[in-house]
Number of protein chains: 4
Amino acid sequence: MKENEEIIEALLKFRNERDWEQFHNPKDLALAINVEAGELLELFLWKNADEANKEKVKEELADIFAFAFMLAEKYQFDVKEIVLEKIKRNAEKYPVEKAKGSAKKYNEL
Amino acid sequence: MKENEEIIEALLKFRNERDWEQFHNPKDLALAINVEAGELLELFLWKNADEANKEKVKEELADIFAFAFMLAEKYQFDVKEIVLEKIKRNAEKYPVEKAKGSAKKYNEL
Amino acid sequence: MKENEEIIEALLKFRNERDWEQFHNPKDLALAINVEAGELLELFLWKNADEANKEKVKEELADIFAFAFMLAEKYQFDVKEIVLEKIKRNAEKYPVEKAKGSAKKYNEL
Amino acid sequence: MKENEEIIEALLKFRNERDWEQFHNPKDLALAINVEAGELLELFLWKNADEANKEKVKEELADIFAFAFMLAEKYQFDVKEIVLEKIKRNAEKYPVEKAKGSAKKYNEL
């Protein structure tokens, strides 16, 4: 079994044992990702770029991945496929010759 | 090569071709995850739980995964490992007999 | 003194007594708003639209206002002025005849 | 009329002319605050703390205030009152002698 299938299987098992599928609609999963993203962000608040607590970053990042995988599963997206597809699109929006060394958004390049 | 190693390799290639590592410190990657999470959330705004545009969800979710994988790479976290570890911790915080069918937070169970 | 000047005065007094101005740069204030917005959002997670705890909503919303007022102060924005200005702009983006009863974004109207 | 009553009156007029009250339940207003907070955050992404575009900050911050005022109105909170109340609570969580010059969270002081 592929790695991400294993992750999703473990997440669904955890969810189903608790009978939580009823709460996990796409909108609330998107909310959950935002809630966890905010908790990750808090670890960097008032701090320099690399001063966050590594163990806590690990936990919050794991939470983001967990809900992101569950949302992907809802729509039957293959995570590797959609990320590689997005890289391809971004390569068009950010051609190397224009974007190299620049932090500008594509519509400002 | 494992699936998630392939994803990360593709992301770093894209990043390095554009000389963007200089911008990708952990704090700004955490910011980027929040920005993308907000864009995902917008797709559900004022809507019922399953009315978001599937193609757009795919794109925004891919962006979240992309930055989340890059942040994981910064700290050398293995994504499968940290998610499975978090499931284990959550299983302790949310024992089946208490959490079944309940949307309450662990400290309210 | 106007209401919002009073709010800002109280916030700056609190901040200065603790010597926190050094942390309150615009970027971190924007982060703080996101962190607090995430905490507000959590109160609605897995719930129906009006099931959040009112007392907790009050606290999280107060936190959002606090950081938003402090960010406004950094740029010397008058809150009433910028909100009324934004309403005017939005009235152009969302003309009544097109937008009435519709939750669509202006670029989809 | 007090300043914040005027702001809320203008927001409700704008909303009612478009018949949007039907969409503005508390949960979606909390979502909207998060969406706008993410747009504010994007202005600081990959940038130094004070390099955001001031005009754009003004607009995004105005959006955050707009939805925050509308959520306050839903619960009939007086904004000045809830912010001053929160300052009082925070003064207990962050006593000057402990918190002075420190960016730590209250539970780590």
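The values are calculated or read from the model by the stated rules, or taken from the named source; none is laboratory data. Everything numeric here is computed off the predicted structure, so don't read it as measured data. A quick note on method: Cβ atoms are made from the backbone with ideal geometry, for glycine too, and the neighbour counts reach across all protein chains shown. For the accessible areas, the whole protein counts, side chains as well, though only heavy atoms, and no ligand, DNA or RNA atoms are used. Shrake-Rupley method; radii C 1.70, N 1.55, O 1.52, S 1.80 Å.
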Exercise for the section: Among the candidates D:Glu42, D:Glu81, D:Glu17, D:Glu9, single out the residue that is acidic (Asp, Glu) and surrounded by 19 or more Cβ atoms within 10 Å (Cβ to Cβ). Expected result: D:Glu42
Completion exercise
Among residues of segment D:70-109 being among the aliphatic types (A, V, I, L, M) and not in a helix (DSSP H, G or I), the residue farthest from the other protein chains (Cβ to nearest Cβ) is D:Leu109
Practice task
Output the residues belonging to segment C:22-39 that are in a helix (DSSP H, G or I), in contact (Cβ under 8 Å) with a residue 12 or more places away in the chain and open to solvent by less than 40 Å² (accessible area, probe 1.4 Å).
Solution key: C:Pro26, C:Leu29, C:Ala30, C:Ala32, C:Ile33, C:Glu36, C:Ala37
Problem - Checking A:Asp50 against (1) outside any helix (DSSP H, G or I); (2) farther than 25 Å from D:Glu108 by Cα, the condition it does not meet - result: (2)
Problem - Of the criteria (1) part of a helix (DSSP H, G or I); (2) facing another protein chain (nearest Cβ under 8 Å); (3) more than 25 Å from B:Ala37 (Cβ to Cβ), which one C:Asp19 fails - result: (1)
Exercise for the section: Inspect all residues belonging to segment A:1-16 and state whether any of them is within 14 Å of chain C (Cβ to nearest Cβ) and at pLDDT 95 or above. Expected result: yes
Problem - Residue list for segment D:45-69, restricted to those being buried (at least 21 other Cβ atoms within 10 Å of the Cβ) and more than 13 Å from chain B (Cβ to nearest Cβ) - result: D:Val57, D:Leu61, D:Ala62, D:Phe65, D:Ala66, D:Ala68, D:Phe69
Practice task
Might you check whether a residue that is on the phi > 0 side of the Ramachandran plot and within 20 Å of the chain's Cα centre (by Cα) occurs anywhere in segment A:24-41?
Solution key: no
